[in-house]
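The values are calculated or read from the model by the stated rules, or taken from the named source; none is laboratory data. All values derive from a computational prediction rather than experimental measurement. All Cβ positions, glycine included, derive from the backbone under ideal geometry; neighbour counts span all protein chains shown. The protein model used for the area step is the full one, side chains on, heavy atoms only, and it has no ligands, DNA or RNA in it. Shrake-Rupley method; radii C 1.70, N 1.55, O 1.52, S 1.80 Å.
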Amino acid sequence: MEYRRYFGQAIDRLKAERRYRVFADLERDASRFPMALWHSENGDGPREVVIWCSNDYLGMGRHPKVIEAMRAAAEKYGAGAGGTRNISGTNHPLVQLEAELADLHGKESALAFTSGWVSNLAAISTIAELLPNCLIISDALNHNSMIEGVRRSGCEKTIFRHNDTADLEEILKSVGHDRAKLVVFESLYSMDGDIAPIGEIAALAKKYNAMTYVDEVHAVGLYGPRGGGICERDNVMSQIDVIEGTLAKGFGTLGGYIAADNVIIDAVRSYAPSFIFTTALPPAVAAAAAAAVHQLKISQDERALQQQQVARTKAALAAADIPVMANTSHIVPVFVGDAELCKSASDILLEKHGIYIQPINYPTVARGTERLRITPTPYHTDAHIASLVEALRDVWRRLGLPFGAVPQPTIVEQMPKPHLKIVAAE
């Protein structure tokens, strides 16, 4: 059998559907973030570009305290973790990181993983699997990592319409009080930038005897007086059973985690294969992450400046009639509505204007809602914003894209599919 042919055909399908992903070769300059050097494929040599789509929302990956913590820990403990925590023990910086995270969310314990994707997969699947006859009730726009966690659990699931508490209550009421139920949702949805009604969801869960699991990946570090996320900002952390977050976005390093009561953390630690059999975070990464978490607990400066530049970016784009999809968060999605045009817009921005913004196409968003996702940081200056606006205006004119309000998109295919009632596990 000619195996290679099948892989080639799979790639060809992606290219035909305009879903083939191209990774830009970038050298981020920590001393001048958001500046970077772009190594183009045509061999012209490196060119300076401005990164406008980093998930290092606060620039903590270049913070002096974070870099120094990583350097000191690497020098003291070495580069690697030495194995799984069962084999090699838990390196002390990781113990300190988990204590910082538990304190951040007002929980008894926390557990760190190698990524936010892994933490969702491990925690959701393990928690649901340990509950007898558990039904998972999942928001329709939950992240892929949460969907994979639901699948991995082997439990029955049902999907409630996005941020629709009336639909959620209808499902909870129909299931009955005594059956084990786990409601999983995000606090801030990173493609549209909208925010969940966490307090209402938590109240419904309590009323109908359900556990709650919230993904705060795109909110930790950025919201709340100490960076505890939307739950902290809205004063509902104590009403949520499990809070999941990442260290790779607002905290600028690497890893994921959950925070909850001791018994929940101990159960996940003891039963989740993707935790048990995975090498631990290296001490240097753990130390850097702990430094970032601690810094954002005691400092408002990073959050305040980022929110200021987000507001200025949104206002400047709106004044230029660039179609920004409205929300109240730090995400700035610019609507395009076509996969090929979205890729072309990204290419022109990079090649002609020295601006890097990755196109967001299906399956990350529904077909017909393709967009450029802009993420201002504290280090984007007013001059950067002005250049971005002029560049986008030029791109819109070149491609004949409509200026003004965001049009009602013609959604070719929903992602994920529309509301489903209870179905057997896949």
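Here is a list: Asp215, Asp194. Which entry is closer than 19 Å to Leu168 by Cβ, acidic (Asp, Glu) and crowded, with 22+ Cβ neighbours inside 10 Å?
Exactly one of Asp215, Asp194 is closer than 19 Å to Leu168 by Cβ, acidic (Asp, Glu) and crowded, with 22+ Cβ neighbours inside 10 Å, namely Asp215.
Mind telling me which of the residues Leu182, Leu204, Leu247 ends up being among the hydrophobic types (A, V, I, L, M, F, W, C), open to solvent by less than 10 Å² (accessible area, probe 1.4 Å) and farther than 17 Å from Glu100 by Cα?
One residue alone meets the criteria, Leu182.
What's the number of the condition Ile276 fails, among (1) open to solvent by 10 Å² or more (accessible area, probe 1.4 Å); (2) within 21 Å of the chain's Cα centre (by Cα); (3) of a type outside the set (Ser, Thr, Tyr); (4) more than 15 Å from Pro376 (Cα to Cα)?
Among (1) open to solvent by 10 Å² or more (accessible area, probe 1.4 Å); (2) within 21 Å of the chain's Cα centre (by Cα); (3) of a type outside the set (Ser, Thr, Tyr); (4) more than 15 Å from Pro376 (Cα to Cα), the lone unmet condition for Ile276 is (2).
Given the conditions (1) farther than 24 Å from Gly59 by Cα; (2) outside any helix (DSSP H, G or I); (3) within 22 Å of the chain's Cα centre (by Cα), and given that Cys342 satisfies all but one, which numbered condition is not satisfied?
All conditions are met except number (2).
Against the conditions (1) assigned to a loop (DSSP other than H, G, I, E, B); (2) open to solvent by 80 Å² or more (accessible area, probe 1.4 Å); (3) modelled with pLDDT under 95, where does Asn86 fall short? Just the number, please.
Every condition holds for Asn86 apart from (1).
Scan the range 287-324 residue by residue and report those that are among the β-branched types (Val, Ile, Thr), under 14 Å from Leu388 (Cα atoms) and in a helix (DSSP H, G or I).
Correct list: Val310, Thr313.
Quick one: which residue in Arg13, Arg5, Arg19, Arg47 is more than 19 Å from Leu254 (Cα to Cα), of a type outside the set (Ser, Thr, Tyr), out of contact with any Ser or Thr (no Cβ under 9 Å at 6 or more places or on another chain) and surrounded by 13 or more Cβ atoms within 10 Å (Cβ to Cβ)?
Arg19
Can you work out which of the residues in the range 296-310 that are open to solvent by 20 Å² or more (accessible area, probe 1.4 Å) and of a type outside the set (D, E, K, R) is farthest from Gly255 (Cα to Cα)?
Here the answer is Gln308.
Name the pairs whose Cβ atoms lie under 8 Å apart, with the first residue in the range 288-307 and at pLDDT 95 or above, the second open to solvent by 10 Å² or more (accessible area, probe 1.4 Å) and of a type in the set (Val, Ile, Thr), and 6 or more positions between them or separate chains?
Between residues of the range 288-307 that are at pLDDT 95 or above and residues that are open to solvent by 10 Å² or more (accessible area, probe 1.4 Å) and of a type in the set (Val, Ile, Thr), the close pairs are Ala288/Ile67; Ala288/Thr253; Ala289/Thr253; Ala292/Thr253.
If we scan the range 56-72, do we find a residue that is open to solvent by 50 Å² or more (accessible area, probe 1.4 Å) and either in contact with a strand residue (DSSP E or B) (Cβ under 6 Å, 6 or more places away or on another chain) or assigned to a strand (DSSP E or B) (or both)?
No, the range 56-72 contains no residue that is open to solvent by 50 Å² or more (accessible area, probe 1.4 Å) and either in contact with a strand residue (DSSP E or B) (Cβ under 6 Å, 6 or more places away or on another chain) or assigned to a strand (DSSP E or B) (or both).
Could you say which residue among Thr328, Thr364 is β-branched (Val, Ile, Thr), in a loop (DSSP other than H, G, I, E, B), open to solvent by 10 Å² or more (accessible area, probe 1.4 Å) and at pLDDT 95 or above?
Thr328
For Asn91, indicate whether it is touching a residue at least 60 places away in the same chain (Cβ under 8 Å), open to solvent by 80 Å² or more (accessible area, probe 1.4 Å), farther than 29 Å from Pro378 by Cα and out of contact with any Cys (no Cβ under 9 Å at 6 or more places or on another chain).
The answer is no for Asn91.
Quick check on the range 239-260. Is at least one of its residues of a type in the set (Phe, Trp, Tyr), part of a loop (DSSP other than H, G, I, E, B) and closer than 15 Å to Gly116 by Cα?
yes
Just need a number here: residues in the range 273-300 that are more than 17 Å from Ala102 (Cα to Cα), of a type in the set (Gly, Ala, Ser) and in contact with a strand residue (DSSP E or B) (Cβ under 9 Å, 6 or more places away or on another chain).
2
When you go through (1) over 22 Å from the mean Cα position of the chain (by Cα); (2) more than 26 Å from Val66 (Cβ to Cβ); (3) in a helix (DSSP H, G or I) one by one for Ala284, which number turns out not to apply?
Looking at each condition in turn, Ala284 falls short on (2).
Being open to solvent by 40 Å² or more (accessible area, probe 1.4 Å) and at pLDDT 95 or above is the requirement here; does Thr381 meet it?
For Thr381, the condition - open to solvent by 40 Å² or more (accessible area, probe 1.4 Å) and at pLDDT 95 or above - is met.
For the range 101-147, give me each residue that is open to solvent by 50 Å² or more (accessible area, probe 1.4 Å), part of a helix (DSSP H, G or I) and not hydrophobic (A, V, I, L, M, F, W, C).
Asp103, Glu129, Asn144
Take the range 148-178 and flag every residue that is in contact (Cβ under 8 Å) with a residue 40 or more places away in the chain and open to solvent by 50 Å² or more (accessible area, probe 1.4 Å).
Arg151, Gly154, Glu156, Arg161
Please verify whether the range 64-76 includes one or more residues that are under 22 Å from the mean Cα position of the chain (by Cα) and under 24 Å from Pro93 (Cα atoms).
Yes, that holds for at least one residue.
In this structure, is Leu317 within 12 Å of Leu392 (Cβ to Cβ), surrounded by 16 or more Cβ atoms within 10 Å (Cβ to Cβ) and either in contact with a strand residue (DSSP E or B) (Cβ under 6 Å, 6 or more places away or on another chain) or among the polar types (S, T, N, Q) (or both)?
Against the criterion (within 12 Å of Leu392 (Cβ to Cβ), surrounded by 16 or more Cβ atoms within 10 Å (Cβ to Cβ) and either in contact with a strand residue (DSSP E or B) (Cβ under 6 Å, 6 or more places away or on another chain) or among the polar types (S, T, N, Q) (or both)), Leu317 qualifies.
Among (1) modelled with pLDDT under 95; (2) touching a strand residue (DSSP E or B) at 6+ places or on another chain (Cβ under 9 Å), there is one condition Glu340 misses while meeting the rest; what is its number?
Only one criterion is unmet by Glu340, namely (2).
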